[in-house]
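Quick note: the coordinates plus some simple rules give every number you see, no bench work behind them. Note that this is a predicted model, so its numbers are computed, not measured. Because the Cβ atoms are built from the backbone with ideal geometry, glycine has one as well, and the counts that use them run over all protein chains shown.
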Amino acid sequence: MSSPMQPDHREYCSDAVSPSPFACDVHTHTLFSRHAYSTIGECVAAARLAGLELLGSTDHYSCMTSPNIHIRDYQYLMNFDVWPRVWDGVYVLHGVEADIVDLHGHLFGWDQMLYEGIVGREAKRPLTLKQHVWRSIDYAIASIHNDSFTEGATIAQTTGMYVHALEDPKVLILGHAGRAGVPFDVDAVLLAAKELGKLIEINEHSFAPQYGEGSFTRCRHIAERCAELGVMISTGTDAHIACDVGRFDAVAALLDEIHFPPELIATRSAATFLKLLEALSDNR
Ligand SMILES: [Zn+2]
Ligand SMILES: [Zn+2]
């Protein structure tokens, strides 16, 4: 097994895909994210090759994908019903990776009212962009990409921000908080997630060399505290290309090294993950 600090999987990509150590990959991107390179069909095929039972497709729901706030730019996230639920033998979930946009923990589009439908007709009952997207997704990952609004914030504020984001009924996962690098009270957020039945993500991409030692140290600390506090985690590759789907070299090495309790890994089986998702729906 490769060391978490020396991921070598970027060096190669072959047909000889090694089986994924986890049954689910619940953080992946398609072409819709604009800086990702594969279609949903290619990601599903890669998931099947990696032996995954379940694939969560979670494109960016963020200002990253369009300079406009118009329903036409987000149709991709509103028509998931056309995807087969079980595709090529893989259970497929409809998700988004939603940007946290302020210290209140609001998510992108929460305050953007849309008055038109996709063909330009006036909406009878206008909804916000977030309400439109939220109607069609199974779950959201909440994460930070542009952290400029956190400058000068107190730990109490950033902690509250993450907790409030987790309180959103469709948010199941707090995404790559170690990599985001915004300081917060780790134990307080982890315990809030536990209380709410939500998951803390251990994200493969956070161990990529460009994020450095700091990201690795923070992610390791978060994983260790999840183990000690009995908080459930989800594993996601954050694949931006199909050949990375199900490839968890660094996450598997880290969890192995710290003897992470397998029963706290929500992605260990599709049944486990779907049960948590179901519990979330019951509470909505
Ligand atoms: Zn992200
Ligand atoms: Zn992502």
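Worth a mention:
- Under the Karplus curve 6.51 cos²θ - 1.76 cosθ + 1.60, θ = phi - 60°, whole-Hz ³J(HN,Hα) for segment 56-69, x wherever Gly or Pro sits: x, 9, 9, 5, 4, 10, 5, 5, 4, 8, 7, x, 9, 10
- Candidates Ala23, Ala123, Ala188: whichever shows maximal mean-square fluctuation once the chain is modelled as a Gaussian network with Cα springs under 10 Å: Ala123
- Between amide H atoms placed 1.01 Å from N, distances below 5 Å from His27 occur with Gly56, Thr237, Asp238, all of them 5 or more places distant or on a separate chain.
- Entry note, segment 168-238: relative contact order of 42 percent, from Cα contacts under 8 Å with a spacing of 6+ residues.
- Environment charge at Pro67 (Cβ cut-off 14 Å; Lys +1, Arg +1, Asp -1, Glu -1): +1
- Amide proton proximity set for Trp87, modelled H, under 5 Å, gap of 5+: Val92
- Most fluctuating residue given options Cys43, Cys24, Cys63, as computed from a GNM of the chain linking Cα atoms under 10 Å: Cys63
- Computed log₁₀ I(q)/I(0) - Debye formula, equal Cα scatterers, no solvent, segment 40-194, q 0.09, 0.10, 0.20 Å⁻¹: -0.33, -0.41, -1.22
- Highest-MSF residue in the chain out of Glu122, Glu42, Glu213 [GNM, Cα springs under 10 Å]: Glu122
- Using a Förster distance of 41 Å, the FRET efficiency for Val119-Thr154 (Cβ separation, nearest 0.05): 0.30
- Largest-first principal axis extents of the Cα set of the chain (Å): 56, 46, 36
- With a Förster radius of 25 Å applied to the C-beta separation of Leu31 and Lys275, the computed FRET efficiency comes to 0.20.
- Phi to ³J(HN,Hα) by Karplus 6.51 cos²θ - 1.76 cosθ + 1.60 over segment 101-110, Hz, x for Gly, Pro: 10, 7, 6, 7, x, 5, 10, 2, x, 5
- Sequence-distant contacts, meaning Cα pairs under 8 Å at least 6 residues apart, place the relative contact order of the chain at 24 percent.
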